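Notes to accompany the following structure.
The values are calculated or read from the model by the stated rules, or taken from the named source; none is laboratory data. As the structure is a prediction and not an experimental result, all values here were calculated from the model. Cβ placement follows ideal geometry from the backbone for every residue including glycine, while neighbour counts extend to all protein chains displayed. With ligands, DNA and RNA removed, areas are computed over all heavy atoms of the protein, side chains included. Shrake-Rupley method; radii C 1.70, N 1.55, O 1.52, S 1.80 Å.
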Amino acid sequence: MKKVILITGASSGIGKDTALSLIKHGHVVYGVARRLEMMKDIIHAGGHAIKMDILKERNIDDVVNQIIKEQSRVDVLINNAGYGLWGAVETISIDEAKRQFDVNIFGLAYLTKKIIPIMRKQKSGKIINMSSMGGKVYTPFGAWYHATKYALEGWSDCLRIELKSFGIDVILIEPGVIKTEFQDVMMDSTVERSIGTPYEKKLKALEKATQEMYARGIGSPPSTITKLIIKAINSHNPKRRYVGGLFAKPMLFIKKWFGDKMYEKAIMSQIKKAKKE
Ligand code: NDP
């Protein structure tokens, strides 16, 4: 059945791949992001693209009003927009950390709050939140990013219980390493911030290891995650969580069944291995 779908972060990576695929499946897709010029392909494919900064409440209001005016409903909200802020806690300002939370949590929450009453009146809907394996496991220097994704996990679990009786499903997606613009954004300013601090050497090594890993083409394609989202949309009884992409299942398995100590050993040995290769 044709659904009206709103997806954030549709200008690149997972969001773009998912938007294009959902259009091919015959759905009415609204892709939103700040870079409108990066969503021309969504328009060419028969979808809608709207400029929206998730930090601007008025932008969000306008998007929701436009969809309701044109379609009178929203069947699926895919909260995908997000970025990773990497670096030592000591060197990241509280303003940068707040921005990380504003994009990955509060912007997403504002949009979700606008969509809930619409879905409640429809007595149906799916809210799909893009978490990460990083919502359950942690990596060096990712404190603020992991904090937002851990928060999203708990927030989504509570919301699921709140909205169940209204016929609204809340679903979490937990990707592993996916090849997108995420890695470029994540290392942006990370090393500069650390210059002259005790973290400089470690962060330079992390940047080098990350660049080399991606230069070798490591990471799953965004379509791995698109398939999971489509599965969740098509299911009458969706799972609470869908996991996929490089490292996600083994990392979650180790943390769950062997505990934090073993998990930390595993992650540090992976990083050492990546540095040597
Ligand atoms: P990309 O960097 O390729 O895409 C991020 C998207 O978020 C872009 O479309 C960007 O659009 C949008 N975005 C960022 N900031 C804002 C903002 N202020 N307002 C509106 N949109 C914004 O990364 P991915 O596709 O990889 O990331 C998508 C999601 O997947 C994120 O939530 C990320 O945390 C998660 N994820 C990614 C993993 C990976 O390895 N790639 C692993 C696990 C989770 P624009 O700049 O045009 O506004």
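So what is the calculated 222 nm ellipticity per residue for the chain, using -39500 (n - 2.57) for each DSSP H run with n of 4 or more, over all residues, to the nearest 500 deg cm²/dmol?
-16500 deg cm²/dmol
Can you give me the angle between helix 13-24 and the longest principal axis of the chain, using Cα atoms only, in degrees from 0 to 90, rounded to the nearest 10?
30 degrees
Could you please report the charge total around K149, scoring K, R as +1 and D, E as -1 over all other residues with beta-carbon less than 11 angstrom from its beta-carbon?
Here the count lands on -1.
Quick one: which residues, 5+ away or cross-chain, put their amide H under 5 Å from the amide H of M52? H built at 1.01 Å from N.
Long-range HN contacts for M52: A33, R34.
Write down the radius of gyration of segment 4-276 and its Dmax, each obtained from C-alpha positions, in Å.
Just the Cα atoms of segment 4-276 yield Rg and Dmax of 18.7, 56 Å.
Could you give the distance between the Cα centres of segment 1-48 and segment 214-256, to the whole Å?
Measuring centre to centre over Cα atoms gives 20 Å.
Could you compute the net charge surrounding D41? Neighbours are other residues with a C-beta less than 14 Å from the C-beta of D41; K and R count +1, D and E count -1.
+2
Of K121/K227; K16/K51; K204/K272; K98/K265, which ones are farther than 22 Å apart at the Cα?
Check vs 22 Å cut-off fails for K121/K227; K98/K265.
Over the chain, average the accessible area per residue using a 1.4 Å probe and give it in Å², no decimals.
Ligands and nucleic acids excluded, the figure is 51 Å² per residue.
From the gyration tensor of the Cα coordinates in segment 44-187, what semi-axes in whole Å does the equivalent ellipsoid have, largest first, with each one equal to sqrt(5λ)?
28, 18, 14
Of the trypsin sites (Lys or Arg not before Pro) in segment 25-122, which ones lie in a loop per DSSP and count no more than 11 other C-beta atoms within 10 Å?
R35
Just add up the charged neighbours of S131: K/R +1, D/E -1, any other residue whose Cβ is under 14 Å from the Cβ of S131.
Surrounding charge for S131 is +3.
For the chain, what is the relative contact order in percent, using Cα pairs closer than 8 Å and at least 6 residues apart in sequence?
18 percent
Cα extents of segment 161-277 along the three principal axes, largest first, in whole Å?
54, 32, 28
Pop out the carbon and sulfur fraction of the accessible area of segment 4-276 as a percent, whole number, probe 1.4 Å.
Carbon and sulfur atoms account for 57 percent of the accessible area of segment 4-276.
Skipping prolines and chain starts, which residues have an amide H placed within reach, meaning under 5 Å, of the one on I178, given they are 5 or more residues away or on another chain?
Amide H neighbours of I178: S220.
In what sequence, highest mean first, do 9-15, 87-93, 140-146 appear when ranked by Cβ atoms within 10 angstrom?
Peptide ranking by packing, descending: 9-15, 140-146, 87-93.
Could you work out the mean projected area of the convex hull around the alpha carbons of segment 200-250, in square nanometres to one decimal?
For segment 200-250, averaging the hull's shadow over all directions gives 5.0 nm².
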